[in-house]
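A.B. asks: Could you have a look at this structure, given as structure tokens, before my questions?
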Amino acid sequence: MFHVVQYQPLRLITQHSLSSMCLKLMPSRPVAFAQIWKSWFSSCPLVGNKNIILMGPPGAGKTTIGRIVGQKLDCPVIDIDDDVLETTWNMSVSEKLQDVGNEQFLEEEGKALLEFSASGSVISLTGSSPMHAAGMQHVKKNGIVVYLDVPTTVIMSRLKSMKVDRIVGQSPGVSLKDILQFRKQFYKRWCDIRVLCGGDITAEVAAEKVLDAVKRYQNSELETFISTRSSKSGRSMEKDSDKYFSDVVTQGLASDGGLFVPKRGLPKFTAGEWQSLIEATYVERAQVILERCIHPADIPASKLAEIIETAYGENFACSKIAPVRHLTGNQFLLELFHGPTASFKDFALQIVPHIFAYCIPRSCNYLILVATSGDTGSAVLDGFSRLHDTDKQRIAVMIFFPEDGVSPIQKSQMIGCQKENAWSVGVKSDFDFCQTAIKQIFTNSDYTGFLTVEYGTALAAANSINWARLLSQIVYHASAYLDLVHQDVIPFGSPVDVCIPTGNFGNILAALYAKMMGIPIRKYICASNKNNVLTDFIRTGVYDLRGRKLIPTFSPAVDILKSSNLERYLHLIANEDGQLVTQLYNQLESQGHFQLQEDLLRKLQQDLVAGWCSEEDCLAAIHSVYSTTGYILDTHTAIAKVVADRLQDRTCPIIISSTAHYSKFAPAILRALKIAEINQNPLSQLHLLSSYSPLPPVHWGLLETLKKKGSEDHHVCAADMSMLMSTIETLIQNHFM
């Protein structure tokens, strides 16, 4: 419990002295700029009604920034300290603290807020105002709450310069840093908008950022999505209207067969904004990044924060969520396997189910269809099975995986992760058939219409084609770079390369998007196994499936020939020429190949280089790394390691994405480590690996799943579209009817 403690007039010092001590005020912009803002706000519902409410820790500059915003908008400015608390109490804040004592101060402050009302004003709260729930509810009813998010180290530096070492709510024995961190939960609870304010930002610039953020808040129609097969004017070949984020999450695939992308591109962070996140936790970074990518009209900031906390708060074994570990030389591993099902897919699929449940209408049931080459399956099943019970009654998921094309442990895991709303279907074919079948089902309007009319059930996708999944992957690529800066490996702004085992192109695309948002990634190394269609394409510009057959390998998650997310990248480098993308993919479907124009190939090769790894080299890399470091790579990470060794130029650090835990591929790992006798029981294999005291340890979640005595039953289906659709209908009847 944190208690109010008495201190000298802290808020007076903070509000009146901070601007001159910590914020460098620049001359106001010309009158024309102010007139533009006034003109915009005069046509906006905000003016004459809503208040702009500035919130943040002591030392954030709320009063100074509020005055500048009010001046630009030509509207009243109210400082809660000066104009409400001291007027109401008829005494200074310090006198009130002395009068009522520490325990009562927050309550008295909240009561004063409850009696306060205003409209069309800029209001600067105190640093402790958000700690009184009733008072904040009252103030927020008629306002847009803007959180001035200043790094804790910057706030502490400012307070130190003001000789402030205690703040309201800080108990004896509790550090200033701890109480500032404690208060963040209240700021996140009440904020509608977050504005990042780095240490060297001026009050003038901060005020402009507030105005930009409020404008964005009021204009959700600016953040729409189009199909990769839309014309340059933004119109789809199918005459689709633009979609909002919530539409894109639930629809998954555009009706013209294309993939959704943001019409105006991704938000760009300044260097200062990225630097303000260097000391942030993974969850805090995710909140900031996703808030900028998801409009609050789709998911309010406070709800998004709740979803992110639920997804990453307790479900990951490592507190850092996605730690970066030095491997050797200039190579670093981004460990993406600490989630409940031991692969990078958990990062998206712990959060996407909650986003999906929030976005969909409650008047309809939804069945999520997913094709998986291994790791996605268990991650989808686990993620959707963690929904609240009421959501599980209206949302179910069905995964299709190649019955004989995944590792034994992956298969056991997918079967073991089945729940009342989550089912596995093994298909007697390969992953490409499963993925193509789902695309055909989604674009079969007669079938989807039948399911809606007959069973009140709509179909949706959670594969990497779903935009929400890509967003969550951007976060860990950005976070990895910030971790290297935090570890003093590089200064901010220095480039890094990344090497990513790539099948469906989603993970590497997310890294490309991170660069578009301001992370200085230099080169992208695309690593493949023997199914090296991407390697050939990146080297030659020819995407050719003719005569190719999928080859089962030790790295099944990249046993893919049709890389769905490549379409988004081609749309990007083709300057959003949807007609060209349509032409390329129509040719791929009808003739089995397409070739990029020379100018597009040059653009592609500015970003990407590619290589592939044989099965023998994969196992040799696992053995070599273990022998020299004691660390065990999984088969996919080993592919990336081999390709990185061949293609990196060693002039900057390289981050290798470790996309899965080696426990999922125990037979291959045991073979690589030259262990002669291998028991066929997956659980026995993990116990054998554990006996070697490996680094990292055998995956906890996988062990728990394999220990369960659940049913080994699952549906098995022939590679036939009509049978797949019949299976879907049967399971819908069993769950929803």
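The values are calculated or read from the model by the stated rules, or taken from the named source; none is laboratory data. Since we're looking at a predicted model, the values are computed, not measured. Cβ atoms come from the backbone with ideal geometry, glycine included; neighbour counts cover every protein chain shown. Just so you know, the surface numbers come from the protein's heavy atoms only, side chains and all, with ligands and any DNA or RNA stripped out. Shrake-Rupley method; radii C 1.70, N 1.55, O 1.52, S 1.80 Å.
A.B. asks: Which one of these does Arg285 not meet: (1) buried (at least 18 other Cβ atoms within 10 Å of the Cβ); (2) basic (Lys, Arg); (3) more than 26 Å from Phe182 (Cα to Cα)?
C.D. replies: (3)
A.B. asks: Could we say that Gln218 is free of Cβ contacts under 8 Å to residues at least 12 places away in the same chain and either more than 30 Å from Asn565 (Cα to Cα) or open to solvent by less than 30 Å² (accessible area, probe 1.4 Å) (or both) here?
C.D. replies: The answer is no for Gln218.
A.B. asks: Among the residues in the range 319-336, are any part of a helix (DSSP H, G or I) and within 30 Å of Tyr217 (Cβ to Cβ)? Show your work before the answer.
C.D. replies: Within the range 319-336, the subset part of a helix (DSSP H, G or I) is none.
Within the range 319-336 (the criterion being part of a helix (DSSP H, G or I) and within 30 Å of Tyr217 (Cβ to Cβ)), the answer is no, since none of the residues qualifies.
A.B. asks: Would you pick out the residues in the range 294-310 that are in a helix (DSSP H, G or I) and open to solvent by 20 Å² or more (accessible area, probe 1.4 Å)? Spell out the reasoning first.
C.D. replies: Here is the first cut: in the range 294-310, the ones in a helix (DSSP H, G or I) are 301-310.
If the condition is that a residue be in a helix (DSSP H, G or I) and open to solvent by 20 Å² or more (accessible area, probe 1.4 Å), then Ser302, Lys303, Glu306, Glu309, Thr310 are the ones that fit.
A.B. asks: Given the options Thr202, Thr152, Thr126, name the one that is of a type in the set (Ser, Thr, Tyr), modelled with pLDDT of 90 or more and more than 23 Å from Val77 (Cα to Cα).
C.D. replies: Working: Thr202 fails: more than 23 Å from Val77 (Cα to Cα); Thr126 fails: more than 23 Å from Val77 (Cα to Cα).
Being of a type in the set (Ser, Thr, Tyr), modelled with pLDDT of 90 or more and more than 23 Å from Val77 (Cα to Cα) holds for just one of Thr202, Thr152, Thr126, which is Thr152.
A.B. asks: Among the listed residues Gln393, Gln331, identify the single one that is surrounded by fewer than 24 Cβ atoms within 10 Å (Cβ to Cβ), among the polar types (S, T, N, Q) and outside the structural domain of Gln418 (by the TED database). Spell out the reasoning first.
C.D. replies: Working: Gln393 fails: outside the structural domain of Gln418 (by the TED database).
Result: Gln331 is the single residue among Gln393, Gln331 that is surrounded by fewer than 24 Cβ atoms within 10 Å (Cβ to Cβ), among the polar types (S, T, N, Q) and outside the structural domain of Gln418 (by the TED database).
A.B. asks: Here are some conditions: (1) open to solvent by less than 20 Å² (accessible area, probe 1.4 Å); (2) of a type in the set (Ser, Thr, Tyr); (3) assigned to a helix (DSSP H, G or I). Ser564 meets all but one. Which one does it not meet?
C.D. replies: (3)
A.B. asks: Might you let me know whether the range 714-726 holds any residue that is farther than 30 Å from Leu459 by Cα, open to solvent by less than 80 Å² (accessible area, probe 1.4 Å), touching a helix residue (DSSP H, G or I) at 6+ places or on another chain (Cβ under 9 Å) and in a loop (DSSP other than H, G, I, E, B)?
C.D. replies: Narrowing the range 714-726 to residues farther than 30 Å from Leu459 by Cα: none.
Looking for residues that are farther than 30 Å from Leu459 by Cα, open to solvent by less than 80 Å² (accessible area, probe 1.4 Å), touching a helix residue (DSSP H, G or I) at 6+ places or on another chain (Cβ under 9 Å) and in a loop (DSSP other than H, G, I, E, B), one finds none in the range 714-726, hence no.
A.B. asks: If I ask for residues that are over 16 Å from Ile399 (Cβ atoms) and either open to solvent by 10 Å² or more (accessible area, probe 1.4 Å) or free of Cβ contacts under 8 Å to residues at least 24 places away in the same chain (or both), which ones from the range 334-359 would you list?
C.D. replies: His338, Phe344, His354, Tyr358, Cys359
A.B. asks: Quickly run through the range 446-463 and pick out the residues that are in a strand (DSSP E or B) and not hydroxyl-bearing (Ser, Thr, Tyr). So that I can check it myself, show each step before the final result.
C.D. replies: Within the range 446-463, the first condition is being in a strand (DSSP E or B), and the residues that meet it are 457-461.
Scanning the range 446-463 gives Ala458, Leu459, Ala460, Ala461.
A.B. asks: Also, I was wondering about something else. Could you identify the single residue in Leu596, Leu647 that is closer than 17 Å to Leu534 by Cα and in contact with a Cys (Cβ under 9 Å, 6 or more places away or on another chain)? Talk me through it step by step, then tell me what you get.
C.D. replies: Numbers: Leu596 fails: in contact with a Cys (Cβ under 9 Å, 6 or more places away or on another chain).
Residue meeting the stated conditions: Leu647.
A.B. asks: Still on this structure, I have one more. Determine which single condition Lys428 fails, assuming it passes every other condition in (1) without any contact (Cβ under 8 Å) to a residue 60 or more places away in the chain; (2) in contact with a strand residue (DSSP E or B) (Cβ under 8 Å, 6 or more places away or on another chain); (3) among the basic types (Lys, Arg).
C.D. replies: Here Lys428 meets the rest and fails (1).
A.B. asks: From Ser691, Ser624, Ser711, which residue is modelled with pLDDT of 90 or more and either open to solvent by 50 Å² or more (accessible area, probe 1.4 Å) or not small (Gly, Ala, Ser) (or both)?
C.D. replies: Working: Ser691 fails: modelled with pLDDT of 90 or more; Ser711 fails: modelled with pLDDT of 90 or more.
Every option except Ser624 fails the conditions.
A.B. asks: Any residue in the range 652-661 that is out of contact with any Gly (no Cβ under 6 Å at 6 or more places or on another chain) and over 27 Å from Asp375 (Cβ atoms)? Show your work before the answer.
C.D. replies: Kept after step one, since they are out of contact with any Gly (no Cβ under 6 Å at 6 or more places or on another chain), are these residues of the range 652-661: 652-661.
Imposing the further condition that a residue be over 27 Å from Asp375 (Cβ atoms) reduces the set to 652.
Looking through the range 652-661, at least one residue is out of contact with any Gly (no Cβ under 6 Å at 6 or more places or on another chain) and over 27 Å from Asp375 (Cβ atoms).
A.B. asks: Out of (1) among the hydroxyl-bearing types (Ser, Thr, Tyr); (2) under 30 Å from Gln331 (Cβ atoms); (3) over 26 Å from the mean Cα position of the chain (by Cα), the odd one out for Ser564 is which?
C.D. replies: (3)
A.B. asks: Would you check which residues across the range 419-441 are within 22 Å of Lys549 (Cα to Cα) and either open to solvent by less than 30 Å² (accessible area, probe 1.4 Å) or among the small types (Gly, Ala, Ser) (or both) and list them? Steps first, answer last, please.
C.D. replies: Step one: filter the range 419-441 for residues within 22 Å of Lys549 (Cα to Cα), giving 426-440.
Hits for the range 419-441 are Gly426, Val427, Ser429, Phe431, Asp432, Cys434, Gln435, Ala437, Ile438.
A.B. asks: From the set of residues in the range 57-95 that are open to solvent by less than 20 Å² (accessible area, probe 1.4 Å) and basic (Lys, Arg), which is nearest to Lys111 (Cα to Cα)?
C.D. replies: Result: Lys62.
A.B. asks: Next question, about the same structure. Within the range 576-617, how many residues turn out to be under 30 Å from Val642 (Cα atoms) and among the hydroxyl-bearing types (Ser, Thr, Tyr)?
C.D. replies: Looking only at that region, the number is 1.
A.B. asks: Answer yes or no: is there a residue in the range 254-272 that is surrounded by 17 or more Cβ atoms within 10 Å (Cβ to Cβ), on the phi > 0 side of the Ramachandran plot, in a loop (DSSP other than H, G, I, E, B) and over 17 Å from the mean Cα position of the chain (by Cα).
C.D. replies: Taking every residue of the range 254-272 in turn, at least one turns out to be surrounded by 17 or more Cβ atoms within 10 Å (Cβ to Cβ), on the phi > 0 side of the Ramachandran plot, in a loop (DSSP other than H, G, I, E, B) and over 17 Å from the mean Cα position of the chain (by Cα).
A.B. asks: Does Gly313 satisfy the condition of being within 17 Å of the chain's Cα centre (by Cα) and open to solvent by less than 30 Å² (accessible area, probe 1.4 Å)? So that I can check it myself, show each step before the final result.
C.D. replies: Numbers: within 17 Å of the chain's Cα centre (by Cα): yes; open to solvent by less than 30 Å² (accessible area, probe 1.4 Å): no.
Taking the combined requirement at face value, the residue does not satisfy it.
A.B. asks: Now, a different point. Conditions: (1) among the aromatic types (Phe, Trp, Tyr); (2) within 20 Å of Ala213 (Cβ to Cβ); (3) at pLDDT 90 or above. Phe33 meets all but one. Number of the miss?
C.D. replies: For Phe33, the failing item is (3).
A.B. asks: Would you list the helices (runs of 4 or more DSSP H) that sit entirely within the range 71-133 and hold 3 or more residues that are farther than 24 Å from Lys184 by Cα? Working first, answer last.
C.D. replies: Details: elements: 86-89, 93-100, 102-114.
Ranges flagged: 86-89, 93-100.
A.B. asks: Quick one: what pairs do we get from the range 442-465, first residue under 29 Å from Phe347 (Cβ atoms) and open to solvent by 40 Å² or more (accessible area, probe 1.4 Å), second modelled with pLDDT under 90 and part of a loop (DSSP other than H, G, I, E, B), C-beta under 7 Å, 6+ apart or different chains?
C.D. replies: Listed pairs, sorted by first residue: Thr443/Gly257.
A.B. asks: Something else: With respect to Leu54, is the statement that it is buried (at least 16 other Cβ atoms within 10 Å of the Cβ), in contact with a Ser or Thr (Cβ under 7 Å, 6 or more places away or on another chain) and assigned to a strand (DSSP E or B) true? If you could, list the steps in order and put the result at the bottom.
C.D. replies: Numbers: buried (at least 16 other Cβ atoms within 10 Å of the Cβ): yes; in contact with a Ser or Thr (Cβ under 7 Å, 6 or more places away or on another chain): yes; assigned to a strand (DSSP E or B): yes.
So Leu54 passes the test.
A.B. asks: Another one. Can you tell me how many residues in the range 385-413 are without any contact (Cβ under 8 Å) to a residue 60 or more places away in the chain and among the hydrophobic types (A, V, I, L, M, F, W, C)?
C.D. replies: So the count comes out to 4.
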